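Q: One structure, as structure tokens, below. Some questions next.
Throughout, read-outs are computed from the coordinates displayed, never taken from laboratory work. Just so it is clear, the structure is predicted and the values come from calculations on it, not from any experiment. Cβ coordinates were reconstructed from backbone atoms using ideal geometry, including for glycine residues, and neighbour counts include every protein chain displayed.
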Amino acid sequence: MNLLADQHLNEPLLDHREGQLFLTEAFKVILEEVLCKGTDVNEKVCEWREPEELATLLDLELREYGEQQHQLLQRVRDVAKYSVKTNHPRFFNQLFAGVDYHALTGRFLTEALNTSQYTYEVAPVFVLMEDEVLSKLRSLVGWAQGDGIFCPGGTMSNMYAMNLARYRAFPEVKLKGQWALPRLAVFTSQESHYSVMKAAAFQGIGTENVFKVNVDDRGCMITDDLSEKIELAKSQGAVPFLVHATSGTTVQGAFDPLEPIADICDRQGLWMHVDAAWGGSVLFSKEHRHLMRGVERWESGACSGIQLLECNFDLLKRCHSADATYLFQQDKFYDMSLDTGDKSIQCGRKVDCLKLWLMWKAVGSQGLEERVDRAFAHTRYLVEKMMKREGFQLIGKVSHCFIKCILTYSSLIFISPFVNVCFWFIPPSLRGKENSPDYQDRLSKVAPVIKERMIKQGTMMVGYQPLGGRVNFFRMIVISPQLSYQDMTFFLDEIERLGNNL
Ligand SMILES: Cc1ncc(COP(=O)(O)O)c(C=O)c1O
């Protein structure tokens, strides 16, 4: 018998004291580098390095033997240094930005507890908490009851909706698969998120069976065209089953008209899903929730990474359950309906409710409403300033309509329904040249060059894209609770500084 080996196996492999010391030091780095410097306007948003240089700097290779604590702390510092600071006030690149300290605490706590959401026995707190958050969100939608689940993102929520809609129409699909089904048809706007196409491909429906409905100038679904596309699909022998509407499209921030879409779905017996992954926050605001008028008529909705369902017929469970006996034993000593894991398509499911719950507890519904209203107010300010500067050309409907306006300017009204501000920057060399044959081509090259310059200098980050027939334009997202008027002014000045000589 090897006594030494036995003794070794009798000791814990981890040194908790040393581990906790490391964590304490790492937390200091996180606080200093990510949260203090990362949110400081005088610091860079990003430290651009070419990939080869970055790989060398990070010394990525994994070796046979472990490193010393001081070396590992340097690793932590490097990761913080070379990562993009998405909580920097000048990060406008994505549909997320900023930091909320309570939500962050929730995320740290979730990671520290390292459990899975599937059963009450391993996640008693989070099973009850998820239920509370879902029920509060449902009440915002206007439902007294229903079902729901936290999903890992908007794409997954949309995939869930498609699967549920198909299951409701053809419950036999779960057993028999595609063999039992006719050709199915999904309807969504031209500007909906690409996850609809992924879902159709993933679920065997086929991307050719996603009928793209035309949109108006603002990117909202044209319901007459929806009716026509439904008839078109039927004339081709397909069976319509799902209309995928959007509240807050990814690029333009458009809200599809839910009431008329719901009328069509009622008449045709179709499932109405609303992808509110981006725009769902307006439900918190008394002033802006009208953008989702008719929301209570949806069958399902994606609010960020949360799938909400109107029906309370256990559809999620029936559609997805696999009744694993090692997890969902039927002879448990507590109420087994608390083992919600079989509603999910995953087995282990990360706890996502705590960050939202803790933030909601901290600021209340009133605080969340204030954040939404503030983002709209900042957007209004930005648009106002932009319209006064020569080189900025907004994308969106400019009209004389007085129904919902952001800004009245020179008798024109610019309608920006949400916090996406889409615009071209026209450098001095292109101004007044709209009719020249190479104008669009030259304009399309402006945003990529400005973007390269801002990233290499680390001053800010904002996204650009072409859309439909429009060449590359910027999409500025005004969402972070940290934003100030100064950041808006900086943004405009910086675009001019980076692009004036193009
Ligand atoms: C409208 C909309 N739906 C769905 C998604 C996908 O969300 P996720 O990235 O969380 O999968 C996005 C992402 O931008 C979106 O804008």
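Q: Quick one: net charge of Val351's neighbours, Cβ under 10 Å, K/R +1, D/E -1? Provide the component values of the computation, followed by the final result.
A: Numbers: positive: Arg107, Arg349, Lys350, Lys355; negative: Glu111, Glu130, Asp352.
Within the 10 Å Cβ shell, the charges total +1.
Q: Separate question: With contacts defined as alpha carbon pairs under 8 Å and 6 or more residues apart, what's the relative contact order of region 293-369 in percent? Don't skip to the answer; put the middle values down first.
A: Details: 37 pairs, mean separation 15.6, N = 77.
Taking the mean separation of contacting Cα pairs over the length of region 293-369, I get 20 percent.
Q: Now, a different point. In the chain, if the dipole is taken from +1 on Lys/Arg beta carbons and -1 on Asp/Glu beta carbons about the Cα centre, which of Gly98, Ala144, Val239 is farthest to the positive end?
A: Val239
Q: For the pairs Lys85/Lys451; Lys212/Lys445; Lys37/Lys85; Lys44/Lys445, flag any whose C-alpha to C-alpha distance is greater than 20 Å.
A: Working: Lys85/Lys451 16 Å; Lys212/Lys445 28 Å; Lys37/Lys85 9 Å; Lys44/Lys445 25 Å.
Where the Cα-Cα span goes over 20 Å, the pairs concerned are Lys212/Lys445; Lys44/Lys445.
Q: Hey, could you get me the Stokes-Einstein D for region 1-147, Kirkwood radius over alpha-carbon pairs, 25 °C and 0.890 mPa s, rounded to whole µm² s⁻¹? Let's see the in-between values first.
A: On the way: Rh = 19.7 Å.
This corresponds to a translational diffusion coefficient of 125 µm²/s.
Q: Taking the Cα centre as origin and putting +1 on Lys and Arg beta-carbons and -1 on Asp and Glu beta-carbons, what dipole magnitude results for region 357-499, to the nearest 20 debye? Working shown, then result.
A: Working: 19 positive and 13 negative charges, 29 e Å.
Computed about the Cα centre, the dipole is about 140 debye.
Q: Quick one: if the Förster radius is 51 Å, what FRET efficiency do Ser436 and Glu25 give, using the C-beta to C-beta distance and rounding to 0.05? Please report the intermediate quantities before stating the final value.
A: Values: r = 60 Å, r/R0 = 1.17.
E between Ser436 and Glu25, to the nearest 0.05, is 0.30.
Q: Once you put a point 7 Å from the Cα of Gln69 and another 7 Å from the Cα of Ser235, both along the Cβ direction, what distance in nm separates them?
A: According to this spin-label approximation, the distance is 7.4 nm.
Q: From zero outward in steps of 5 Å, how is the percent of C-alpha pairs of region 84-131 spread across the bins?
A: Taking all Cα pairs of region 84-131, the binned fractions are 5, 18, 19, 18, 13, 12, 11, 4, 1 percent.
Q: Another question, if that's okay. Where a ≥ b ≥ c are the square roots of the eigenvalues of the C-alpha gyration tensor, would you call region 1-52 rounded, which needs a/c under 1.5, or, failing that, prolate if a/b is larger than b/c, or oblate? If you can, show how the numbers build up before the last one.
A: Details: a/c = 9.46, a/b = 2.63, b/c = 3.59.
Oblate, since a/c reaches 1.5 and b/c is not below a/b.
Q: Follow-up question, since we're still on this one. Calculate the translational D of region 104-201 in whole µm² s⁻¹ from Stokes-Einstein, where the hydrodynamic radius comes from the Kirkwood formula applied to all Cα pairs, the temperature is 37 °C and the viscosity 0.692 mPa s. Before the final figure, lay out the partial values.
A: Numbers: Rh = 16.4 Å.
In µm²/s, the coefficient rounds to 200.
Q: In what sequence do Thr39, Thr188 fall when counting other Cβ within 10 Å, fewest first?
A: In increasing order of surrounding Cβ atoms, one gets Thr39, Thr188.
Q: Can you pull the one-decimal nm distance between simple spin-label points at Ser484 and Arg374, each 7 Å off the Cα toward Cβ?
A: Taking the simple label geometry, Ser484 and Arg374 are separated by 1.2 nm.
Q: A further question follows. So if each residue of separation counts as 0.36 nm, and I subtract the Cα-Cα distance between Val41 and Ala322, what length gain in nm does that give? Working shown, then result.
A: Values: separation 281, 0.36 × 281 = 101.16 nm, distance 5.06 nm.
Taking 0.36 nm per residue and subtracting the Cα distance, the gain is 96.1 nm.
Q: Computed FRET efficiency, Cβ-Cβ of Lys385 and Leu58, R0 30 Å: what is it to the nearest 0.05? Display every interim value, and only then the final one.
A: Working: r = 40 Å, r/R0 = 1.32.
With R0 = 30 Å, the Cβ-Cβ based efficiency is 0.15.
Q: Across region 183-197, in residue order, what do the Karplus-derived ³J(HN,Hα) couplings come to in whole Hz, using 6.51 cos²θ - 1.76 cosθ + 1.60 with θ = phi - 60° and x for Gly and Pro?
A: Once rounded to whole Hz, the list reads 5, 9, 10, 10, 10, 8, 6, 4, 9, 5, 5, 5, 5, 5, 5.
Q: Taking neighbour Cβ counts within 10 Å as the exposure measure, how do Leu226, Leu14 sort from fewest upward? Write down the numbers at each step before the final one.
A: Details: Leu226 26, Leu14 8.
So the residues, fewest neighbours to most, are Leu14, Leu226.
Q: Follow-up question, since we're still on this one. Which whole-Hz couplings ³J(HN,Hα) result when phi for each residue of region 88-105 is put into the Karplus expression 6.51 cos²θ - 1.76 cosθ + 1.60, θ = phi - 60°, listed in order with x for Gly and Pro?
A: In residue order, the calculated couplings are 6, x, 10, 9, 10, 7, 10, 8, 9, 5, x, 9, 10, 5, 6, 4, 5, 4 Hz.
Q: Moving to a separate point now. Relative to the compact-globule scaling 2.2 N^0.38 Å, provide the ratio for the alpha-carbon radius of gyration of the chain. Could the numbers behind the result be given before it?
A: Numbers: Rg = 25.5 Å, N = 502, 2.2 N^0.38 = 23.4 Å.
The value comes to 1.09.
Q: List residues of region 247-291, by number, whose backbone nitrogen lies under 17 Å from a label position 7 Å along Cα→C-beta of Asp216.
A: 247-249, 252-264, 290-291
Q: Additional query: About the Cα centre, and with charges only on the beta carbon of Lys, Arg (+1) and Asp, Glu (-1), how big is the dipole of the chain? Nearest 20 debye, please.
A: Working: 55 positive and 63 negative charges, 290 e Å.
The calculated dipole for the chain is roughly 1400 debye.
Q: By counting other Cβ atoms within 10 Å of each Cβ, how are Leu430, Leu354, Leu54 ranked from fewest to most? Can you show the working numbers first?
A: Details: Leu430 18, Leu354 22, Leu54 14.
If I rank by nearby Cβ atoms, fewest first, I get Leu54, Leu430, Leu354.
Q: Normalized C-alpha radius of gyration of region 219-285, against 2.2 N^0.38 Å? Walk me through the numbers before you get to the answer.
A: Values: Rg = 12.8 Å, N = 67, 2.2 N^0.38 = 10.9 Å.
The reported ratio for this selection is 1.18.
Q: List every residue whose amide H lies under 5 Å from the amide H of Tyr464, counting only residues 5 or more places away in sequence or on a different chain, with H placed 1.01 Å from N in the peptide plane.
A: Arg475
Q: Could you calculate the contour length gain from Asp263 to Glu296, that is, 0.36 nm times the residue separation minus the distance between their Cα atoms, to one decimal place in nm? Write down the numbers at each step before the final one.
A: On the way: separation 33, 0.36 × 33 = 11.88 nm, distance 1.24 nm.
Extra length from Asp263 to Glu296 when fully extended: 10.6 nm.
Q: A further question follows. Under the Karplus relation 6.51 cos²θ - 1.76 cosθ + 1.60, θ = phi - 60°, what is the ordered set of whole-Hz ³J(HN,Hα) values for region 383-389, x standing for Gly and Pro?
A: 4, 4, 5, 5, 5, 8, 9
Q: If I stretch the segment between Ser116 and Ala201 completely, what's the gain in nm (0.36 nm per residue apart, minus their alpha carbon distance), one decimal?
A: Values: separation 85, 0.36 × 85 = 30.60 nm, distance 2.86 nm.
Fully extending the segment from Ser116 to Ala201 adds 27.7 nm.
Q: Could I have the simple spin-label model distance between Arg49 and Gln178, label points 7 Å from Cα toward Cβ, reported in nm to one decimal?
A: Here the answer is 4.5 nm between the modelled labels.
Q: Dividing the alpha-carbon radius of gyration of region 116-350 by 2.2 N^0.38 Å (N being the number of residues), what value is obtained? Before the final figure, lay out each step's value.
A: Details: Rg = 17.7 Å, N = 235, 2.2 N^0.38 = 17.5 Å.
That works out to 1.01 for region 116-350.
Q: Select from Phe187, Gln440, Thr459 the residue farthest towards the positive end of the dipole of the chain; place +1 on Cβ of Lys and Arg, -1 on Cβ of Asp and Glu, and compute about the Cα centre.
A: Gln440
Q: Related question: How large is the convex hull of the C-alpha atoms of region 262-399 per residue, in Å³? Write down the numbers at each step before the final one.
A: Values: hull volume 25.4 nm³, N = 138.
Dividing the Cα hull volume of region 262-399 by its residues yields 184 Å³.
Q: While we're here: Please report, in Å, the Rg and the Dmax of region 357-499, where both are computed over Cα atoms only.
A: 16.7, 57
Q: Taking a quarter of the surface of the Cα convex hull of region 415-495, what do you get in nm²? Walk me through the intermediate numbers first.
A: Details: hull surface 25.7 nm².
So the mean shadow area of the Cα hull is 6.4 nm².
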